[in-house]
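S.K.: Below are the structure tokens for one structure; questions will follow.
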2 protein chains.
Amino acid sequence: MTAPRAHRAAPDHTHPDHVPLLTALSALADPVRLRLVRELAGSADWDRACGSFDVPVGKAALSHHFATLRAAGLVEQRDAGPKRLNRLRRAEFDARFPGLLDLVLRAEP
Amino acid sequence: MTAPRAHRAAPDHTHPDHVPLLTALSALADPVRLRLVRELAGSADWDRACGSFDVPVGKAALSHHFATLRAAGLVEQRDAGPKRLNRLRRAEFDARFPGLLDLVLRAEP
DNA sequence: TCGAGTGTATGATCTGGATCGAACACTCGG
DNA sequence: CCGAGTGTTCGATCCAGATCATACACTCGA
């Protein structure tokens, strides 16, 4: 009867509206995270688990990068079994920082 | 007869067109430089010397920040007597990274 | 219930960048 | 020609953040 209880701690998200400009810029000013955001933008929502990205870092570092992206309001995560699925917060982030995400996704390196 | 020779080494500029995205983001992802850019945006071109900005750092650090801004294609400098005058490269930078400068100048911290 | 798969936390290391003080270079007015 | 004003360079220090290896936690299928 009770809804299935979450046994794993849900990741703490920050809404883009509460993200300082410097936090957003710092989050995007890293090659690994930029890659994550871009790959994420090329996939459907909730399609990509954390481990499915082609970045040259270990699991631990990857986990921290995702935490940074969450804290910057760029990524939302949801647990699905053992995996943690991701979604780029396009609309919300764009409302807070209009054009920034588009720019980052469009501009060549 | 000869044009007045420059006795001081002219600062080396980088045109925004040749600036990588990560360089631009990193340049803006610093509180001091953000402040410089914003104050510069509120002044007319060539109106502000390096020492005229209200930032809580010493001369040395300030000089490095301006070098970073030059390298990111954000600022152009010109020597005028003992002073070095600055100008925000609005149009050029905006052509390379459309909307970024506007965003940074408009968004609250 | 066990084990493989997935992600997080912890502790350590390392590096880039931000900072400062001091020394140096240049310009201009007196 | 000197001295005040301005900015850069150099060397040293300091610290946030990026990284790794390891250990841990949770989920699910066999």
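The values are calculated or read from the model by the stated rules, or taken from the named source; none is laboratory data. Please read these numbers as outputs of a predicted model, since none were measured by experiment. Methodologically, a virtual Cβ is constructed for each residue, glycine included, from the backbone with ideal geometry; neighbour enumeration extends over all protein chains shown. To get the accessible areas, we keep the full protein, side chains included, count just its heavy atoms, and leave off ligands, DNA and RNA. Shrake-Rupley method; radii C 1.70, N 1.55, O 1.52, S 1.80 Å.
S.K.: Where nothing but the Cβ of Lys and Arg (+1) and of Asp and Glu (-1) is charged, how large is the charge dipole of chain B around its Cα centre, in debye to the nearest 20?
M.R.: 360 debye
S.K.: Further question on the same structure: Using a Cα-Cα cut-off of under 30 Å, which lysines could be cross-linked to A:K59, ignoring same-chain neighbours fewer than 8 residues away?
M.R.: Filter leaves A:K83.
S.K.: Here's another thing I want to ask about it. Take the Cα atoms of the range B:42-87, build their convex hull, and give its volume per residue in Å³. If you can, show how the numbers build up before the last one.
M.R.: Details: hull volume 3.5 nm³, N = 46.
Dividing the Cα hull volume of the range B:42-87 by its residue count gives 76 Å³.
S.K.: Using only the Cα atoms of chain B, construct the convex hull and provide its projected area averaged over every direction, in square nanometres to one decimal. Mind showing how you got there, number by number?
M.R.: On the way: hull surface 30.6 nm².
For chain B, averaging the hull's shadow over all directions gives 7.6 nm².
S.K.: Please quote Rg/Rh for the protein assembly as shown to two decimal places, taking the Kirkwood radius as Rh and restricting both calculations to Cα atoms. It would help to have the intermediate numbers written out before the result.
M.R.: Values: Rg = 20.9 Å, Rh = 19.3 Å.
The Rg/Rh ratio comes out at 1.08.
S.K.: To one decimal in nm, how far is B:E39 from the same spot in the other copies, if labels go 7 Å from Cα toward Cβ? Please give the shortest first.
M.R.: Listed shortest first, these distances are 4.2 nm.
S.K.: What are the residues of the range B:73-109 that lose 10 Å² or more of accessible area, with a 1.4 Å probe, going from their chain alone to all protein chains?
M.R.: By number: B:R96, B:F97, B:P98, B:L100, B:L103, B:V104, B:R106, B:A107, B:E108, B:P109.
S.K.: Give me the angle, in degrees from 0 to 90, between the Cα long axis of helix A:31-41 and the longest principal axis of the Cα atoms of chain A, rounded to the nearest 10.
M.R.: It works out to around 70 degrees.
S.K.: May I ask you to give the percent of accessible area on the range B:1-88 that is carbon plus sulfur, with a probe radius of 1.4 Å?
M.R.: 55 percent
S.K.: Taking chain A as the reference, fit the longest principal axis to its C-alpha atoms, fit the long axis of helix A:59-71 to the helix C-alpha atoms, and give the angle between the two in degrees, 0 to 90, nearest 10.
M.R.: The angle comes out at about 70 degrees.
S.K.: Let me ask something additional. Using the crude model of +1 on Lys and Arg Cβ and -1 on Asp and Glu Cβ, and no other charge, please compute the dipole size for the protein assembly as shown relative to its Cα centre, in debye to 20.
M.R.: On the way: 32 positive and 26 negative charges, 86 e Å.
Dipole size: approximately 420 debye.
S.K.: Mind putting together the pair-distance distribution for the range A:64-109? All Cα pairs, 10 Å bins, whole percent per bin, short to long.
M.R.: Percent of pairs per bin, in order: 25, 47, 24, 4.
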